[in-house]
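Input: a single structure, listed below in structure tokens.
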Amino acid sequence: MIFRRAVALALSLFASATLCPAQAPSKEASQRAQLGVEALQQWYVPKMGLYRTTGWWNSANAITAITDYMRLTGSKKYTGVLANTYKQAQITIPKEQRTDAKKELTGFPGFLNNYYDDEGWWALAWIDAYDLTHDARYLTMARSIFDDMAASWDDTCSGGIWWSKDKKYKNAIANELFFSVAAHLASRVYSADGQKYADWAAKEWKWFYMSGMINGDHLVNDGLTIDAGTGKCSNNKKTIWTYNQGVLIGALAEWSRTGGGADILTHARQIADAAVAHFSDKAGVIHEPCEPNCGADGIQFKGIFVRNLRDLNNIAAEPVTGKAIAANAEAIWTKNRTSQNTFGTVWSGPITTPDAGTQSSALDALNAAITLEK
């Protein structure tokens, strides 16, 4: 009973935090995001339900970006895209039959593949789709994906899930996504399973906090090194990426809604403030360490960071966060936009060749600006 009351309160907070009266949508920001979505859809392949020029997990983030746009503006224009992707992206196409240039465009049944982080992105995409449409099949899919992720938890490093089914690396992003999916499901599943997800979220956060991946500067490194002799695990001190900060911030923000503890938002705020300071230039524009050549993965990271920064700001607004969102959305529009309303990797410019990954990443920031006060 206590848990159900907590869920009811969480959903109430969720509804108000998503778009509260004090943060009415900016018409200009909405129009910019609309043009960004329209440009993004030029890369959409209906037959596959995926996006040309980018990868499998990136397509999940593109779906999240257009879903967020609809949820924030009240549009329902692309709900058919969600339904189509749900159906078509579960179809695996033999490599010799794939038509994209790199012959990589294919789907996976149940949105399950060899990488648990890929699965986490799709689970969050379908939770977002459920929030928009209230179509139960999307939530059911997210729960199915979560079960596959949870099955990889073991005692190596005293807990945590693996990055892939090869079980060679325990890292930040897979565990952050596992935490985030658990926290989101805990506030959306009304059955007894809701407590199961809450228990998983609490267990994952406790493990992650003790794992050492959050360094002394309140920033998250990429993962853990496992000592071959002792089996002891420690922070591998590898690259500090924007999305590792973002996904954890978003997970903590969501977990704070379901009674995660009084210190949850404090941790989220510490990481957010440290990340904004670490990645921003003098104009407040965020840069990835790999710029301008970030490959197929790194181009997606900044948008994920700003998307989750928005989620935190919706719960615990702070001038630093709002200023960061506004500065990056403005830079994208004024310094990183082509005449076709497409966006490159470096948000402060100059414009690099846009693709579906760079477009959906920038769209995350444009979406985030929608809920800022005029």
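The values are calculated or read from the model by the stated rules, or taken from the named source; none is laboratory data. All values reported here derive from a predicted model rather than from experimental measurement. Because the Cβ atoms are built from the backbone with ideal geometry, glycine has one as well, and the counts that use them run over all protein chains shown.
If you go through the stretch 257-301 and pick out every residue that is free of Cβ contacts under 8 Å to residues at least 60 places away in the same chain, of a type in the set (D, E, K, R) and either more than 18 Å from residue 179 (Cα to Cα) or part of a helix (DSSP H, G or I) (or both), you end up with 5. Please go through the stretch 230-243 and pick out each residue that is of a type outside the set (Lys, Arg), at pLDDT 95 or above and more than 16 Å from residue 207 (Cβ to Cβ). Within the stretch 230-243, 236, 239, 240, 241, 242, 243 meet the criteria. If you filter the stretch 207-230 down to residues that are over 17 Å from residue 271 (Cα atoms) and polar (S, T, N, Q), you find that the one that is surrounded by the most Cβ atoms within 10 Å (Cβ to Cβ) is 225. Scanning the stretch 258-312 for residues that are of a type in the set (Asp, Glu), farther than 18 Å from residue 351 by Cβ and modelled with pLDDT of 95 or more yields 273, 297, 311.
Run down 249, 304, 240 and say which single residue is of a type in the set (A, V, I, L, M, F, W, C), free of Cβ contacts under 8 Å to residues at least 60 places away in the same chain and either at negative phi or part of a helix (DSSP H, G or I) (or both). Testing whether each residue is of a type in the set (A, V, I, L, M, F, W, C), free of Cβ contacts under 8 Å to residues at least 60 places away in the same chain and either at negative phi or part of a helix (DSSP H, G or I) (or both) leaves just 240.
Take residue 177 and decide whether it is over 20 Å from the mean Cα position of the chain (by Cα), over 14 Å from residue 260 (Cα atoms) and surrounded by 20 or more Cβ atoms within 10 Å (Cβ to Cβ). The answer is no for residue 177.
For the stretch 168-195, filtering for residues that are part of a helix (DSSP H, G or I), farther than 16 Å from residue 264 by Cβ and at pLDDT 95 or above leaves 8. When every residue of the stretch 137-157 is checked against the conditions, at least one turns out to be within 30 Å of residue 34 (Cβ to Cβ) and either surrounded by fewer than 16 Cβ atoms within 10 Å (Cβ to Cβ) or aromatic (Phe, Trp, Tyr) (or both).
When we screen 204, 254 for residues that are part of a helix (DSSP H, G or I), free of Cβ contacts under 8 Å to residues at least 60 places away in the same chain and buried (at least 22 other Cβ atoms within 10 Å of the Cβ), the only hit is 204.
Only a single item in (1) among the basic types (Lys, Arg); (2) surrounded by 13 or more Cβ atoms within 10 Å (Cβ to Cβ); (3) at pLDDT 95 or above is not met by residue 87, and it is number (2).
For the stretch 321-374, a residue qualifies if it is of a type in the set (A, V, I, L, M), in contact (Cβ under 8 Å) with a residue 60 or more places away in the chain and over 13 Å from residue 32 (Cα atoms), and the qualifying residues are 356, 372. Taken over the stretch 140-166, the residue count meeting the criterion of being charged (D, E, K, R) and outside any helix (DSSP H, G or I) is 4. The residues in the stretch 180-199 that are among the aromatic types (Phe, Trp, Tyr) and either in contact with a helix residue (DSSP H, G or I) (Cβ under 6 Å, 6 or more places away or on another chain) or buried (at least 19 other Cβ atoms within 10 Å of the Cβ) (or both) can be counted, and the count is 1.
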